[in-house]
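The values are calculated or read from the model by the stated rules, or taken from the named source; none is laboratory data. This structure is a prediction, so every number in the text was calculated from the model and none was measured. Here the Cβ positions follow ideal geometry from the backbone for every residue, glycine too, while neighbour counts run over all protein chains shown. Note: areas computed on protein heavy atoms with side chains; ligands, DNA, RNA excluded. Shrake-Rupley method; radii C 1.70, N 1.55, O 1.52, S 1.80 Å.
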Amino acid sequence: MTARIGVVTFPGSLDDRDAARAVRLAGAEAVSLWHDDPDLRGVDGVVLPGGFSYGDYLRCGAIARFAPVMETIAAGARAGLPVLGICNGFQILCEAHLLPGALTRNQHLHFRNRDQWLRIESAGTAWTNTFQPGQEILIPVKNGEGCYVADERTLDELEATGRVVARYVHGNPNGSQRDIAGITNEAGNVVGLMPHPEHAVEALTGPSLDGLGFFTSILKHLAGAPA
Amino acid sequence: MGQPEPTLADYPSAPVDPAGLDTVAQATATPGELQPYTELGLRDDEYDRIRQILGRRPTQSELAMYSIMWSEHCSYKSSKVHLRQFSEKAPPSDRMLAGIGENAGVIQVSDKLAVTFKVESHNHPSFVEPHQGAATGVGGIVRDILAMGARPIAVMDPLRFGAADHPDTARVLPGVVAGIGTYGNSLGLPNIGGEVVFDPCYQGNPLVNALSLGVLPVDRLQNKAAAGPGNVVVLLGAKTGRDGIGGVSVLASATFDDASEQRRPSVQVGDPFMEKLLIEACLELYDAQLVVGIQDLGGAGLTCALTETAAAAGTGMRVWLERVPLREASMEPHEILASESQERMLLIVAPDRLDAVLKTAEKWGVPASAIGEVTGPESGVEPGRLLITWHGHPVVDVPPGSLVDDGPVYARPMREPADLILLQADRAETLARPSTPEALRETVLRMIASPNLCDKTWITEQYDRYVLGNTVLAQPEDSGVIRIDEETGLGVAISVDGNGRYARLDPYNGAKLALAEAYRNVAVTGARPVAVTDCLNFGSPEDPAVMWQFAEAVRGLADGCAELGIPVTGGNVSFYNQTGAAAIHPTPVVGVLGLLDDVTQRVPMGFARTTGADHDLIFLLGE
Amino acid sequence: MPRVVVDVMLKPEILDPQGQAVANALPRLGVTDVSSVRIGRRIEIEFSGQPDLDRAREIADKLLANPVIEDYSIRLADPEESTP
Amino acid sequence: MPRVVVDVMLKPEILDPQGQAVANALPRLGVTDVSSVRIGRRIEIEFSGQPDLDRAREIADKLLANPVIEDYSIRLADPEESTP
Ligand SMILES: Nc1ncnc2c1ncn2[C@@H]1O[C@H](COP(=O)(O)OP(=O)(O)O)[C@@H](O)[C@H]1O
């Protein structure tokens, strides 16, 4: 049976169709989930896509966190449901306290869209297991508030427990502490990533095909997961 | 906020005190009342025409409406006689599903699909408040595209600023770029190209043009006609506030002297989040076939939307103005009619579809209110009338066509600029040329470091070019290329170009050159050019020299299109880009759209690295 | 050292999409008795010497507020006013 | 109707790039006696009935401030406090 991956649409989500396309290209079925409906429709994993949920007014992700679908997702995530938050999705995961730390205004104060090199630091998560640790990949980054911050203790703990998933290399696009581009929770099922793997899944439209790895990883994870 | 949106039933039926309200009855009873029509930009003969049409003096609200609709911006009164050439000289095209006069031109590109694109200006607002001015410029052009039934899928932004090192450029440019970026990025529309040009002539008049592209299934094409008496008029989107109530604020004070501080025209502030919701709501309404007609609310707000939809169908309309949801309760009828509040659309809906429409609006969190209904022609012969009441009192009673189609048309005097001969005599051939390798090297370095030629990444990386996942080419390419059909690989290429310096020297050929450049940029990607849009940025039409430049540029563009065999499908005229007596260079900006049957075959501009081959051959084509 | 506080708010007639978004979100949190939310900026300026209101006003005019759409007010922070 | 004001500021240890950008621009305006600028949010809440500080605190805790990076303070707007 093909895996079913849910993609949530919040008011103001923008990369939901792109995330669904990436899910399909990886060989899974993309299932649309709606912010106002707590029903996860039996999906095997969830992607919180990029965009400006609720306009990203106040703080990015602050309002989306209270959407009915987030309650179910948060409960599921604590019970092991794989969740990938991309950009705005990462911000929502932090606001919902499913991941530590916060994403703040880029230090140069501009929105920045460029093709960005990352180093995969942890291949042990549900969303990165098809990468090699240390592998460098090229995917687009585009955000105005992508600067990851947390207190020193949290940062040290993330490093010590291998929970930094990806780091910016060859230049940090937003001032993130310790060049952090993505992190995971203790169990490795919840991953937040600032850059956009769903924009690097087709040779015609992306800078590489490196983004596909995140979506094939979840399939591998689900195939290997005990039923 | 907090409270639910009031519904129709919540409105008080008790009439307001009509004292102080300029009703139709009041206007009839006080024919000699002085009205500030000059302050509103109307000429004596124009005011007389209005009185003639109405058979009485206009009410305050009517005067506001005529002043808006008969303004240069809405009536094209100075440009109309010239723009006709675009249709007259246009080659026959069976692709065009909607052309000039619609919100945007629509071109059929396959059995199933059509695209629509248009470029528009938001120059003056972007000088006053760069961020919001530019942002709402993007918002406005995107609503034009949406109104045709299309999903907006990309934006472009041809920009012109004063000198790069002028302090005011440091105020204007970052705001404009941030405004375009914020609005387009928040809507999820990839920015696939544009221009950045610096020239001192734009110092007090930066040009902020914005282009949007949309795609629609052929059978989803919408139009603006308010057809079908009995149909409901629905206002969808943001609440109405005192945004951009320009000259109309004059009406607020009976003595026409200092309008109170409160009444000053306020800058329109964009809410891209609301616009994103509006887009999704409208597309859902179209797909469910719930709307009969639709029109975006642009610069002329409700006034334009009500009169244009009614005039397009020849119907009348009855509007209960107090049903318009307001941001400020104290707004008066003429202010509501003139408000330029952003993120609003006017829908015409069959009564039995109203519930479904309101439900879709609610799903997307977009306010929607039924504010009126379409009425039939009174005697069965006459076109209908637009009757607007305010708490039961008629404040507007006009034939809608008189505002839309019967506005003044001027053949303004034209004269070749006196300095043109001198300018043309100062030929480039007379300049010293670099003759040594060192001088050549120095010249090349100076050129590539100049603001007009240097890398534009510092601007373009503030724009999202990846969203929607269909961007095939964007900066630094000569054309943006977008895949519009994932199944068939159908794609479009668009380029926007203009050169005010050429046009200053020779507006006829300058316009042709802009067209040729955009055409070439599209063609070199491998696309077949099929349609043109243009934004004509000029000084004051009341200056015969500017008017001459304008006429020449239009003639050039129309001739160029005829020679190349592609039609102009829509565009925009921006006059009065002028500081004192100094006009900007005449700046026609031309967008060309081309088709790629198989977008994977597009040709990018860089030399491709061919594996296996040790070198490429380079050819120069043309003279 | 006392600070100068500059409060910058959108003019009342100007649309405040941020405040509106927050107001619209409140019912979801069970809050129904809020009639309006406006969001602006609070800027704290610390001087190396004595706080200087005139100087602060000059900074506000030039850098902190956009007079086309915003109003501001300036005051010395109360000594007891906790830094939030 | 009195309003409740919630001031939200970044915690002192969190970098404030906006405030820093303003501080860095000051010497160009001839201002050299400012030692620090911090930029936060000022949120004005209007209740339909009596202003309710506890309610406002609840909203601030849940929504208006992110405790990971921000502190906030809450107060009734002084009646004389002009809306800026
Ligand atoms: N304001 C802008 N918005 C988006 N893209 C832009 C803008 N200005 C320039 N570009 C893009 O940057 C690239 C380089 O621009 P430019 O140097 O003007 O190229 P050219 O001279 O070949 O037209 C082009 O792809 C162009 O579309």
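By a straight-distance test (C-alpha under 24 Å), which lysines pair with C:Lys11 as possible cross-link partners, with residues fewer than eight away in the same chain excluded?
Within the straight-line limit of under 24 Å, C:Lys11 reaches these lysines: B:Lys239, C:Lys62.
Output the antiparallel fraction of DSSP beta bridges having both residues in chain B, as a percent to the nearest 5. Please report the intermediate quantities before stating the final value.
Details: 70 of 89 bridges.
Expressed as a percentage, antiparallel bridges in chain B total about 80.
Which far-off residues, 5 or more places away or on another chain, put their amide H under 5 Å from the one on A:Glu145, with H placed in the peptide plane?
A:Asn106
Residue by residue through the stretch A:95-110, what is 3J(HN,Hα) from phi via Karplus (6.51 cos²θ - 1.76 cosθ + 1.60, θ = phi - 60°)? Round to whole Hz and write x for glycine and proline.
Rounded to whole hertz, the list is 4, 7, 6, 7, 9, x, x, 8, 10, 10, 3, 3, 5, 7, 6, 10.
Got a sec to turn the phi values of the stretch B:108-119 into Karplus ³J(HN,Hα) couplings, 6.51 cos²θ - 1.76 cosθ + 1.60 with θ = phi - 60°, whole Hz, x for Gly and Pro?
6, 10, 7, 3, 9, 10, 9, 10, 9, 8, 6, 10
Just by accessible area at a 1.4 angstrom probe, what is the order of B:Leu354, B:Leu277 from largest to smallest? Before the final figure, lay out each step's value.
Numbers: B:Leu354 35, B:Leu277 10 Å².
From most exposed to least exposed: B:Leu354, B:Leu277.
Under Stokes-Einstein, with the Kirkwood radius over Cα pairs standing in for Rh, what whole-number D in µm²/s applies to the protein assembly as shown at 10 °C and 1.306 mPa s? All intermediate terms of the calculation are to be shown ahead of the outcome.
Values: Rh = 30.2 Å.
Here the translational diffusion coefficient equals 53 µm²/s.
When only DSSP loop residues count, what GluC sites (Glu not before Pro) in the stretch B:267-372 have their Cβ near at most 16 other Cβ atoms within 10 Å?
Numbers: sites: B:Glu275, B:Glu280, B:Glu284, B:Glu308, B:Glu322, B:Glu328, B:Glu335, B:Glu340, B:Glu343, B:Glu362; in loops: B:Glu328, B:Glu340, B:Glu343.
Here the sparse-neighbourhood loop sites are B:Glu328.
Could you look at the stretch B:264-313 and say what percent of its accessible area is carbon and sulfur, using a 1.4 Å probe and all protein chains?
Values: 530 of 1130 Å².
The computed percentage sits at 47.
Which longest uninterrupted range of chain B lacks any chymotrypsin sites (Phe, Trp or Tyr not before Pro) assigned by DSSP to a loop state (not H, G, I, E or B) and surrounded by at most 11 other Cβ atoms within 10 Å? All intermediate terms of the calculation are to be shown ahead of the outcome.
Working: sites that count: B:Phe607, B:Phe619.
Result, exposed sites excluded: B:1-606.
Using only protein heavy atoms and a 1.4 Å probe, how much accessible area in total is buried between D and C, to the nearest 100 Å²?
Values: alone 6040 and 6060 Å², together 8920 Å².
Rounded to the nearest hundred, the buried surface is 3200 Å².
Efficiency by 1/(1 + (r/R0)^6): what FRET value for B:Thr30 and B:Asp168, r their Cβ-Cβ distance, R0 = 51 Å, to the nearest 0.05? The partial results should precede the final answer.
Numbers: r = 47 Å, r/R0 = 0.92.
Working from the Cβ atoms, E equals 0.60.
Over chain B, calculate the relative contact order: mean separation of alpha carbon pairs under 8 Å at least 6 apart, over the residue count, as a percent.
Values: 1411 pairs, mean separation 113.3, N = 623.
Once divided by the residue count of chain B, the mean separation gives 18 percent.
Once phi is turned into θ = phi - 60°, what whole-Hz ³J(HN,Hα) does the Karplus curve with 6.51, -1.76 and 1.60 give for every residue of the stretch D:32-39, x standing for Gly and Pro?
For the stretch D:32-39, the Karplus curve yields 10, 9, 9, 9, 6, 10, 10, 10 Hz.
Per residue, what accessible area does chain C have, given a 1.4 Å probe and all protein chains present, in Å²? If you can, show how the numbers build up before the last one.
Numbers: 3450 Å² over 84 residues.
About 41 Å² of surface per residue is accessible.
Starting from the amide H of B:Ser78, placed 1.01 Å from N in the peptide plane, find each other amide H under 5 Å away whose residue is 5 or more places distant or on another chain.
The answer is B:Tyr410.
I'd like the FRET efficiency for A:Leu204 and A:Ser32, computed as 1/(1 + (r/R0)^6) with the beta carbon distance as r and R0 of 22 Å, rounded to 0.05. If you can, show how the numbers build up before the last one.
Values: r = 24 Å, r/R0 = 1.10.
Using R0 = 22 Å, I get an efficiency of 0.35.
Got a sec? What order do B:Asp271, B:Asp352 fall in by accessible area at 1.4 Å, biggest, i.e. largest, first?
Numbers: B:Asp271 10, B:Asp352 125 Å².
The most accessible residue leads, giving B:Asp352, B:Asp271.
Can you pull out the GluC sites (Glu not before Pro) in the stretch B:28-74 that DSSP calls coil and that have at most 16 other Cβ atoms within 10 Å?
Answer in residue order: B:Glu33, B:Glu39.
How much solvent-accessible surface does B:Asp219 expose, in Å² to the nearest 10, with a 1.4 Å probe and all protein chains in place?
So the heavy atoms of B:Asp219 present about 140 Å² to solvent.
So, counting K/R as plus one and D/E as minus one, what does the shell of residues with Cβ under 12 Å around B:Val172 add up to?
On the way: positive: B:Arg160, B:Arg171; negative: B:Glu129, B:Asp168.
Local charge sum for B:Val172: 0.
Would you kindly work out, in nm and rounded to one decimal, the distances from the label point of D:Gly30 to those of the same position in each other copy, ordered shortest first, with label points 7 Å along Cα-to-Cβ?
From this label point to the equivalent ones elsewhere in the assembly: 5.7 nm.
I need to check one value: relative contact order of the stretch A:82-227, counting alpha carbon pairs closer than 8 Å and at least 6 residues apart, in percent. The partial results should precede the final answer.
On the way: 334 pairs, mean separation 45.1, N = 146.
So the answer I get is 31 percent.
Residues of C:41-53, mean number of Cβ from any other protein chain within 10 Å of their own Cβ, rounded to a whole number?
Working: counts 6, 13, 9, 9, 11, 7, 5, 5, 3, 1, 2, 3, 0.
Shielding by partners across C:41-53 averages 6.
Given a 1.4 Å probe and the protein chains all in place, what does the accessible area of B:Leu557 round to, in Å² to the nearest 10?
Its accessible surface works out to 0 Å², give or take rounding.
Loop-only GluC sites (Glu not before Pro) in chain C, please: DSSP not H, G, I, E or B, and at most 16 other Cβ atoms within 10 Å. Display every interim value, and only then the final one.
On the way: sites: C:Glu13, C:Glu44, C:Glu46, C:Glu58, C:Glu70, C:Glu80, C:Glu81; in loops: C:Glu13, C:Glu80, C:Glu81.
Within chain C, the qualifying GluC sites (Glu not before Pro) (loop, at most 16 other Cβ atoms within 10 Å) are C:Glu80, C:Glu81.
Taking H placed 1.01 Å from N in the peptide plane, check which residues at least 5 places from D:Ser36 or on another chain put their amide H under 5 Å from its amide H.
C:Glu46
Give me the one-decimal Kirkwood hydrodynamic radius in Å for the stretch C:3-76, with the sum taken over alpha-carbon pairs. Present the calculation step by step, with values, prior to reporting the outcome.
Details: mean 1/r = 0.0720 Å⁻¹.
Hydrodynamic radius (Kirkwood, Cα pairs) of the stretch C:3-76 is 13.9 Å.
Restricting to Cα pairs below 8 Å that are 6+ residues apart, what does the relative contact order work out to for the stretch C:3-76? Please round to a whole percent. Could you put the intermediate results ahead of the total?
Values: 96 pairs, mean separation 39.5, N = 74.
The value is 53 percent.
Compute, for A:His221, the solvent-accessible surface of its heavy atoms (probe 1.4 Å) with the complete set of protein chains present, and express it in square angstrom to the nearest 10.
60 Å²
Defining the label point at 7 Å along Cα→Cβ, can you sort the distances from C:Pro67 to the same site in each other copy, shortest first, in nm?
Distances to the matching label points in the other copies: 4.4 nm.
Ordering B:Arg415, C:Arg38, B:Arg433 from largest to smallest accessible area (1.4 angstrom probe), what's the sequence? Before the final figure, lay out each step's value.
Numbers: B:Arg415 150, C:Arg38 55, B:Arg433 170 Å².
So the residues, ranked largest to smallest area, are B:Arg433, B:Arg415, C:Arg38.
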